[in-house]
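Each remark here refers to the structure printed beneath this line.
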Amino acid sequence: MDEEIKQVQFSIPGHPFGKQRPKFSRTGQYVKTYTPEETVIYENLVKLMFREAAKGRMFKDGEMLDVRIIAYYEIPKSTSRKKRKLMLEHKIRPTKKPDWDNIGKIVCDSLNKVAYHDDSAVVDAQVRKFYSEQPRVDVTIRQIGGGAETVTEENAIEVVLFAKQYMRSGYDQKGLDMAVASLEICRELKEAGYCHNYQQERPDLAAWIDKINKLIKRLD
């Protein structure tokens, strides 16, 4: 359990689910607050999927953590072929519930005392919503350092290889989702604030940013 981990990735199968508000019941003069059953069931599923991926480990107390969540919504059956294609290419994205913040909350709350000692350890986070033929929620939790040093040439090469691997996987739906997500990550790294004027401010970043630029041109 004390073995150090740097990063864990796992998927929560099924439709994205948002944290529900507590419910109340009255017995005489007393009011009882309780968590809705659907929320409890989903929280237990989140815990199960994390434990399987982490093999019983958890992040050390005091570590700064980054949480990235990608929620994949099911495409409505009545969707036209043209619109479905745009949804699978992530050019049309879900604007329906659950809201992004409720998705993030149920995931992070579920992992208290399971992935980390308290979700106050999460210092950076992002929730994104896309459509897919396979509804699910993909979660990545990683230990980070401070500032720009958290992004390295190794990170960028990993992203490049990750995208190439899934682009060559026969274009099954999960592979396509992963490839598009990888491309989005590349764009984010390229556009991140610490990459501004990198030639002058951080010349050591130049090599991997060039790799990202080439990947984007190749996949666009």
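Derivation of every value follows stated rules applied to the coordinates shown; laboratory data play no part. Here the structure is a predicted model, which means the values were calculated and not measured. So basically every Cβ, Gly included, is an ideal-geometry build from the backbone, and we count neighbours across all protein chains shown.
Where both partners of a DSSP beta bridge lie in segment 1-145, what percent of those bridges are antiparallel, to the nearest 5?
If I count the DSSP bridges inside segment 1-145, around 65 percent turn out antiparallel.
Please sort 120-127, 105-112, 80-87, 131-138 by packing, taking for each peptide the average over its residues of neighbouring beta carbons within 10 angstrom, highest first.
Values: 120-127: 15.0, 105-112: 20.9, 80-87: 12.4, 131-138: 19.1.
Highest-to-lowest ranking by the protection proxy: 105-112, 131-138, 120-127, 80-87.
Using the C-alpha gyration tensor of segment 1-145, what are the square roots of 5 times its eigenvalues, in whole angstrom, with the largest one first?
28, 24, 12
Treating each Cα of segment 81-149 as an identical point scatterer and ignoring solvent, apply the Debye formula and state log10 I(q)/I(0) at q = 0.14, 0.27 Å⁻¹.
The Debye formula, applied to the Cα set alone, gives -0.58, -1.25.
Over 22 Å between Cα atoms, which of LYS82/LYS105; LYS19/LYS113; LYS83/LYS129 qualify?
On the way: LYS82/LYS105 34 Å; LYS19/LYS113 18 Å; LYS83/LYS129 16 Å.
Pairs exceeding the cut-off: LYS82/LYS105.
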